[in-house]
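This report concerns only the one structure given below.
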Amino acid sequence: MMWLYSAVLLLWAKSAECAEQANTSNLFEWTAVDFYDKLHAGKLMFLYFEHEVSPTISLFLLELEKSSEILKDYGVLVGKINCNKETVSSYCIKERSANTAFLFRSGREFLSFNLDTIFDINSIVSEVLFAILRDEVQYVHTDADLLALEKRARGKMDLVLGHVSSLGTQEHRSLMETAYVYGSTYKFILITGGPVLRHLGVDESSPSSKVWFLHCRLQLKSKTNERCPLTLMRKHLTTLNLHSFLQLMEAPLVSEADVDPSSVPHKQAPQVFLFSHPATEQLDLATATALAWKLRGLAALVLVHRRSPAVKTPVDYNVAYRLAEMKSEVKYLTLQNLDEVVNIFLHQENDDGDDDDDEEEMDENIKDDVSEGELDDEIAEAVYKSRADLLDVEALTSLTSDNYHATVAQSDLTVVLFYVKWNAVSMDFLSSFLEVAEKLTEWEIKDVQMSAVDCGEWTDLCAGLTDTFQPVTAFPTVLLLRPEEAAQEYRGMLGSEALLRFIMLSRLVTPRQLSTTEDVASFLEVVPHAEVASYDVDRVLGLFPTNTGLKEFSAAMKSLRGKVLSGSLTDELALQWAAGHSVEPPAVAVFPSWQTDTHPSVISAWSSAEELVSRVNMALRHPMPEVTVESLPSFLEEDKALLLLFVGDEEDDVGRRQNTALVGEMRLVAESGGARMQRYAAGWIHLGHTPAAMSVLGSYLGSMPLLPALILTRLTSGSEVYQYPPNAPILAHSVLQWLRRVEEGREPPAGSLEEERWRPASDFLDFLKIMDEEDPDFARQQVSREDGDGSDSSADPRTHIHSEL
């Protein structure tokens, strides 16, 4: 009888299973009444109208039924209507619906799908959600489309950019499911290839899917020429990984805790714990911040303070980590190199199935995808992030104390970079210096030799072993050396383009002797080298019928090598050219690159080469120059009060014409103001071209004013800042009257430059204080000497006052 009871039990279980399947199938299959009821109720529905069932249709219906439970969670009702049993007008037509599924929304047909595009559960879910989220998820084709979205999102919300190899895949579904949850928080963007991938530096042939988080919310709206910083998700594109990634993006870069790692709340995201000691808290925080940027998107970083008695972790451990799984235990490590922490998470991802190409790409992009750092010094931070990129200095000739004279004698021009490896600016500029060397090699420039001296290694050479240059005390320093000539120091921007321009112009004979009228015409119109054709070149022409003034002119032009093209006319030819241009020789004619007409500025008398250099520089200066990061040093060299016009970014041609008119009025101010304007350095700043100037303008007035804004500052009388009346039109005669009122003390200041003191970032970097503590007798002698000189002994000699512009 036992077998009979067993058989009955099995049959009962089987019948229950069949009944459950039948109920599920019944729920999946709708009647015409069901359809119209839900349609009139405005339900969101995804339906297939069945006619004849082929093997292909049977597979589709099986996948459609599987997707019904998933889409139900997103408010989508899924079903089929058998048109052989039910009649639904407009849809039970074989020619229309046999190979099509329909999405209904708000009581009407919303979209139709060909069955070729919805062939399995992933494609069904992803395509339906993509259709529902068409306002939240935008598909872009070009980099221009992406840039337009970034501009609209700047200052408002962050973007999530997803690349999938094709629509309807598991990755596409994961992105759509996440967009459904986070669509009100982030703007989701979808790409499948094309120019956008090339902008992101991704090989279009790569089959892997990727996600980038674009940090646009904290970007200033005025930075129209800058892209939103981005962070790459360095994990497989799954719903769980993307959810974890967005949680990491929402979390602070570095969190701090006063308890053991095991007591820190676990938020279903990987966590890394660094331990901070009381004596080195500032250094530990800087280290944690740098590591956090490298872990951005991989794990959250928590800095645990050992000063707290609640922290019981043995001091032998300096790192701990915990994976995303809820029951993951904290693992403690002792590492010599904190970069190994990054490898732990990268290897963990590789173990989950990353292919070799993705692994290499992630390693290459670890630093590139870290968008912005938080270290105290921006240049130091950039160098820190790229410290693993070994620079190939073999392209440079290494100068030592032993080979210096012989090496310099080999070339007409030797360009030498003096640097030290521990200096962040030196190492950053070294890469630009190498770019210049590579460009000169590419252009087959044979008469320039690029060299470098590591002053940490060759201290005697940098200290002035040779008499051709003074000891090098600032880093980096670039000197141009020629056989049997004094060295020339490069004082331009520390960038590859500016240095390359300077070198190319320095190669030319200075001054060039012009012997025919054709030489003069060529000198004034033709760029001497094809590679410098894109540069704006200033020209200086000397006119010397006799030798009077020629020596000073030659010396002055050698000082200006690299900045201007110079030539000289002598004897009868100088008299002819001078007569044709109403110039009384000896004279120097200056042709600024910004000047459109052919009438030069003429300098007719000078007492020394130094005076001539100064007067040439003054003649080259634009009466109303645009102040940029590149031009700022030369603009401030004049040491005058600053008269600055700030204009905003133009939205259209009308805005551009308005800005042009404003600059034109300010040029009239500079030209018609006469001697009064000699005390001012006037210029204009375009906040779209130079976004960094926004903080300068804000610091002047305490808040951002309406644009355009005309500011007067750095007066000799004090730290006052004056603003031209915001509601008054900026006209030349009105500006001159306003300047007169300021000079006479009849105009109230709008703000002032606050004194700010630069102190060491932390106590352990205050080396002077440490030295004083180690040798108190010496410190007392210094204080006594300062008191004897009548100086304020309460003042801190280590602090320096600085201000904006």
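Numerical summary
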{"item": "Cleavage-rule hits, chymotrypsin sites (Phe, Trp or Tyr not before Pro), region 153-214, DSSP coil, Cβ neighbours within 10 Å at most 15", "result": "none"}
{"item": "Beta bridge orientation in region 229-350: antiparallel %, DSSP, nearest 5", "result": "40 percent"}
{"item": "Within region 34-159, percent of DSSP bridges classed antiparallel, to nearest 5", "result": "60 percent"}
{"item": "By average C-beta atoms within 10 angstrom, highest first, the peptides 696-702, 112-118", "result": "696-702, 112-118"}
{"item": "Protection proxy ranking, peptides 249-258, 269-278, average beta carbon neighbours within 10 Å, highest first", "result": "269-278, 249-258"}
{"item": "Region 429-442 - phi-based ³J(HN,Hα) in whole Hz, Karplus 6.51/-1.76/1.60, Gly and Pro as x", "result": "6, 4, 5, 5, 4, 5, 4, 5, 4, 5, 5, 5, 5, 4"}
{"item": "Antiparallel %, DSSP beta bridges [both residues in region 261-333], to 5", "result": "55 percent"}
{"item": "Residue pairs, from the table K210/K421; K66/K210; K421/K769; K151/K294; K294/K563, whose Cα atoms sit over 32 Å apart", "result": "K210/K421; K294/K563"}
{"item": "Region 651-680: GluC sites (Glu not before Pro) in DSSP coil with no more than 16 other Cβ atoms inside 10 Å", "result": "E651"}
{"item": "At most 13 other Cβ within 10 Å, DSSP loop - trypsin sites (Lys or Arg not before Pro), region 81-175", "result": "K85, R134, K156"}
{"item": "Heavy-atom accessible area per residue - region 91-201, 1.4 Å, Å²", "result": "41 Å²"}
{"item": "In Å², nearest 10: area of F544 left accessible to a 1.4 Å probe", "result": "0 Å²"}
{"item": "FRET efficiency, S165 to T185 (Cβ-Cβ, R0 25 Å, nearest 0.05)", "result": "0.45"}
{"item": "Sulfur and carbon atoms: percent of accessible area, region 121-203 [1.4 Å]", "result": "47 percent"}
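The values are calculated or read from the model by the stated rules, or taken from the named source; none is laboratory data. None of the values given here were measured: they were computed from a predicted structure. Note: ideal-geometry Cβ built from the backbone for every residue, glycine included; neighbour counts use all protein chains shown. Please note that ligands, DNA and RNA were not included when accessible areas were found on the heavy atoms of the full protein model with its side chains. Shrake-Rupley method; radii C 1.70, N 1.55, O 1.52, S 1.80 Å.
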